[in-house]
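*Asks:* Attaching a single structure in structure tokens format; questions to follow.
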Amino acid sequence: MPLSDRKIKILQAIINDYIATAEPVGSRTIAKKYDMGISSATIRNEMSDLEDMGLIYQPHASSGRIPSDLGYRLYVDKLMQKKELDESENQFLQSVVFQNINHIDYLMEETAKAISFLTKYTTIISEPVINRTILKQIRLLPLDDNSVLLVIATEENFIKNHIIHVSAPIPEEDLFVISGIINDILQGHSVDELDSETITELEEKLGIYKDFVPSLIHAVDATVKSAEKVQVHMSGTKNILAFPEFSDVQKAKDIFQTLEEKDVLVTLLGKSEEEEDGGLKIMIGTENNIQEMKDCSIITASYKMSETTRGSIGIIGPTRMDYSQVVSVLNTMVKNIENVLKSLSDNNKNP
């Protein structure tokens, strides 16, 4: 059955109205709210055809129609109008990025909060995953008599901390000297290059503190490996409760439990990193293979820190989410993050 212009207009009206109200849409509603120049009876006939095509369905015998996953798919692929963010929304998203420019983990955490606040949906975001970490700077700072704080900055501008336990206090001025020696030897190298020759050189140059080397190497290795694992930040989980689709307690509980599983979040985000630059991936309802998320849509986008270092942002909401708004927010945020990360990378190359 051909999809005529009139059928397309009626489908768009049903989707737009259902996104806004969460109420099934009847022919009278369309006739009153949308000036199509046709009667309610004609609209009902067209709606019957759309139902036969699997694009809408009737949840109850006496109710109006709501879009199916197939209907939403047609909408996002062919019919969705591009929505531009207003100036205040753009400025808000920019400010989040620039206020947290120096710390990747804070940047990701605040980005997740900002997106969930703006969209009212749940946001998950992964830090960029580094395949091979190059050490840029290492600092040692005193915490107490038995602890030293190791601070590592990488070439990608990741900053990671690790606490090293020591058997005796090390004066702050000695830690400053030790930090200089470590940087002279390790700066510009990866953890894979910390061989026995490097360890021997460290022990020789640290003199009375050579017994500190094993703890130091272990801490550097553990800290760098944490930067090479997928770190996921999430915000707005409770936003799900605001949608009538999830008023069923068991349904909401299943979604909450699913979102608590890190492996699931990584799976949701992972595929977007394979998309072309600037591309988005939209999974509607049953299109994702996680049973507990079948009533949700998930929109993901990847951002690039370098040719080999990427992260992802995902937004989760009901299948009647405002797709146009979410796409606009994601595109804007990816652009902001990439601009900032490129600036950081350029500064690192040209100090």
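*Asks:* What is the set of long-range amide H partners of Arg65 at a cut-off below 5 Å, with H atoms built 1.01 Å from backbone N?
*Replies:* Val25, Gly26
*Asks:* With each label point set 7 Å from Cα along the Cα-Cβ vector, what nm distance links Ala242 and Ile181?
*Replies:* With each label point 7 Å from Cα toward Cβ, the separation is 5.6 nm.
*Asks:* Also, I was wondering about something else. Please report the spacing between the Cα centers of the stretch 178-217 and the stretch 44-115 in Å, no decimals.
*Replies:* Cα centroid to Cα centroid, the span is 52 Å.
*Asks:* Can you tell me the length gained on complete extension of the stretch Lys83 to Ser167, counting 0.36 nm per residue apart and subtracting the Cα distance?
*Replies:* On the way: separation 84, 0.36 × 84 = 30.24 nm, distance 6.04 nm.
Separation in residues times 0.36 nm, less the Cα-Cα distance, equals 24.2 nm.
*Asks:* Dividing the alpha-carbon Rg of the stretch 135-227 by 2.2 N^0.38 Å yields what? Show your work: numbers first, answer last.
*Replies:* Working: Rg = 12.2 Å, N = 93, 2.2 N^0.38 = 12.3 Å.
The stretch 135-227 yields a ratio of 0.99.
*Asks:* With angles folded into 0 to 90 degrees, how steeply does helix 213-227 sit against the dominant principal axis of the chain? Use alpha carbons for both and round to 10.
*Replies:* For 213-227 against the chain, the angle is about 10 degrees.
*Asks:* Once amide H atoms are built 1.01 Å from N in the peptide plane, which residues 5 or more positions from Ser312, or in another chain, come under 5 Å H to H?
*Replies:* Ser126, Tyr303
*Asks:* If each of Gln94 and Ser48 carries a label point 7 Å out from its Cα toward its Cβ, how far apart are those two points in nm?
*Replies:* Computed distance between label sites Gln94 and Ser48 equals 5.5 nm.
*Asks:* Given R₀ = 45 Å, FRET efficiency for Ala20-Ile217 by Cβ-Cβ distance, to 0.05?
*Replies:* Numbers: r = 59 Å, r/R0 = 1.31.
It comes out at approximately 0.15.
*Asks:* Let me know the Kirkwood hydrodynamic radius for the chain, please, with Cα pairs as the basis and the value in Å to one decimal.
*Replies:* So the Kirkwood estimate lands at 23.3 Å.
*Asks:* Over the stretch 1-113, what is the relative contact order in percent, taking alpha-carbon pairs closer than 8 angstrom and at least six residues apart?
*Replies:* Numbers: 96 pairs, mean separation 24.6, N = 113.
Reported as a whole number, the value is 22 percent.
*Asks:* With each label point set 7 Å from Cα along the Cα-Cβ vector, what nm distance links Lys120 and Lys294?
*Replies:* Inter-label distance under the simple model: 2.7 nm.
*Asks:* Whole-Hz ³J(HN,Hα) for each residue in the stretch 200-206, computed from phi via Karplus 6.51 cos²θ - 1.76 cosθ + 1.60 with θ = phi - 60°, x for glycine and proline: what do you get?
*Replies:* My calculation for the stretch 200-206 gives 4, 4, 4, 4, 5, 7, 7 Hz in order.
FYI, it's all coordinate maths here, none of it is from the lab. Computed from a predicted model, the values in this text were never measured in an experiment. Using ideal geometry, Cβ is built from the backbone for each residue, glycine included, and neighbour counts are taken over all protein chains shown.
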